[in-house]
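Each remark here refers to the structure printed beneath this line.
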Amino acid sequence: MRILVTGGAGYIGSVVTEELVKDRQTVVVYDSLYKGHRQAVVQGADFVHADLIDTETLRDTLKSHNIEAVIHMAADSLVGESCEQPAKYYRNNVVAGLALLEAMRDTGISRIVFSSTAATYGEPEKQPIEETASNNPTNPYGESKLAFEHAMRWYDAAYGLRYASLRYFNAAGATTLCGESHNPESHIIPIALEAAAGKRSHVEIYGDDYPTPDGTCVRDYIHVVDLARAHILALKVLDQESRIYNLGCGGDGYSVREVIDTAREVTGKDIRVKVGPRRAGDPSVLIASSEKIKRELGWQPQFQDLRIIIESAWRWMLSHPDGYAS
């Protein structure tokens, strides 16, 4: 297939592109490089440096490359920032997304895989979270992703646009070529590894009095390659009907202390920890169920062990000590 990957120079998008190229698909990466890295675009993929709001360039790209399907990864994704700057999240996640849907409609493209978020569910009581859970986002990030899902649903009903929406919590890990490089970094695994590498003095734990086995929050972590394979697998259902799937680690999740302890084991380094107060709105446990996508599409994650995830991220960090500037 000829596939457009929006945000394909970003962390997850670059791995999706890498996996598509391995599958010998024709891939065009469309990225503004607002947060992505040109060096992350793997060899074998074409690259278009432009914003989704640049509708003329977007339409020209879809037409000139005879695109057949879109994997939409481009988005802002920081919960705290979304609460401080909701306008930014509605602009980049909703308005830009609508520009993409309109360009697809105008050029006759009717298949899209959307990289969504399990933040659409808010704080459900039942864990692991299934697709039947109510959507009640507690922040503009989750709300903006859900708004775009709603738009796709109506585009499907009116224009026959088929979509697969994948909801998940925390992507982690790396390939040999592509890894996680954010500035500033906000994710616990790279933060712990930066502390192990001496790039930061400590890791802060936000609360250790939660009703969990060790008092720290429990979260879902999914290897970025497993995540990429799920997006590619979802392409197969787009000729049938639209679907929504959750993606999770397949177990009980991992606590913040488990992540840090595993990072110590993997790196052989001491990682200093400071315990601070809870962050407002942090639920004790957030885990997504993957049973539906396993049952319907046969998705089987290959790297769901936390140690494997952290080892791959550590190897990438050692080979890229300055990120993509290395």
| query | How many of the residues in segment 163-179 are part of a loop (DSSP other than H, G, I, E, B) and open to solvent by 30 Å² or more (accessible area, probe 1.4 Å)? | reply | 3
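Here is a yes/no grid of residues against (1) in contact with a strand residue (DSSP E or B) (Cβ under 9 Å, 6 or more places away or on another chain); (2) outside any helix (DSSP H, G or I):
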| position | (1), (2) |
| --- | --- |
| Ile112 | yes, yes |
| Thr120 | yes, no |
| Ala151 | no, no |
| His182 | no, yes |
| Pro190 | yes, no |
| Hey, which of the helices (runs of 4 or more DSSP H) in segment 45-103, taking only ones fully inside, have at least 3 residues that are farther than 28 Å from Pro140 by Cα and out of contact with any Cys (no Cβ under 6 Å at 6 or more places or on another chain)? | 55-64
| message | On the basis of being part of a strand (DSSP E or B), modelled with pLDDT of 95 or more and open to solvent by less than 60 Å² (accessible area, probe 1.4 Å), does Leu4 make the cut? | response | yes
| request: Kindly indicate whether Ala99 is in contact with a helix residue (DSSP H, G or I) (Cβ under 8 Å, 6 or more places away or on another chain), within 27 Å of Gln240 (Cβ to Cβ) and open to solvent by 10 Å² or more (accessible area, probe 1.4 Å). | output: yes
| request: Select, from Asp220, Asp282, Asp261, Asp252, the only residue that is under 16 Å from the mean Cα position of the chain (by Cα) and among the acidic types (Asp, Glu). | output: Asp220
| message | I'm trying to understand the selection: among the residues of segment 277-312, which are among the charged types (D, E, K, R), more than 15 Å from Pro211 (Cα to Cα) and open to solvent by less than 70 Å² (accessible area, probe 1.4 Å)? | response | Lys292, Lys294, Glu311
| message | Just the residues that are acidic (Asp, Glu) and under 21 Å from Ala228 (Cα atoms), please, taken from segment 118-171. | response | Glu130, Glu131, Glu149
| Tabulated pairs, segment 243-267, first open to solvent by 10 Å² or more (accessible area, probe 1.4 Å), second assigned to a strand (DSSP E or B) and among the hydroxyl-bearing types (Ser, Thr, Tyr), C-beta under 7 angstrom, 6+ apart or interchain | Ile244/Ser165; Tyr254/Tyr221
| message | Suppose the filter is open to solvent by less than 60 Å² (accessible area, probe 1.4 Å) and over 24 Å from Ala151 (Cβ atoms); does Thr107 pass it? | response | no
| Among the residues of segment 123-140, is there at least one that is open to solvent by 20 Å² or more (accessible area, probe 1.4 Å), in contact with a helix residue (DSSP H, G or I) (Cβ under 9 Å, 6 or more places away or on another chain) and assigned to a helix (DSSP H, G or I)? | yes
| Hits in segment 141-159 - residues which are open to solvent by less than 30 Å² (accessible area, probe 1.4 Å) and either modelled with pLDDT under 95 or of a type outside the set (Asp, Glu) (or both) | Tyr141, Gly142, Ser144, Lys145, Leu146, Phe148, Ala151, Met152
| message | What's the number of the only condition in (1) within 28 Å of Trp316 (Cα to Cα); (2) hydrophobic (A, V, I, L, M, F, W, C); (3) under 15 Å from the mean Cα position of the chain (by Cα) that Ala196 fails to meet? | response | (3)
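The values are calculated or read from the model by the stated rules, or taken from the named source; none is laboratory data. If you're wondering where the values come from, they're calculated on a predicted model, not measured in any experiment. With ideal geometry, Cβ positions are generated from the backbone for all residues, glycine too; neighbour counts draw on all protein chains shown. The protein model used for the area step is the full one, side chains on, heavy atoms only, and it has no ligands, DNA or RNA in it. Shrake-Rupley method; radii C 1.70, N 1.55, O 1.52, S 1.80 Å.
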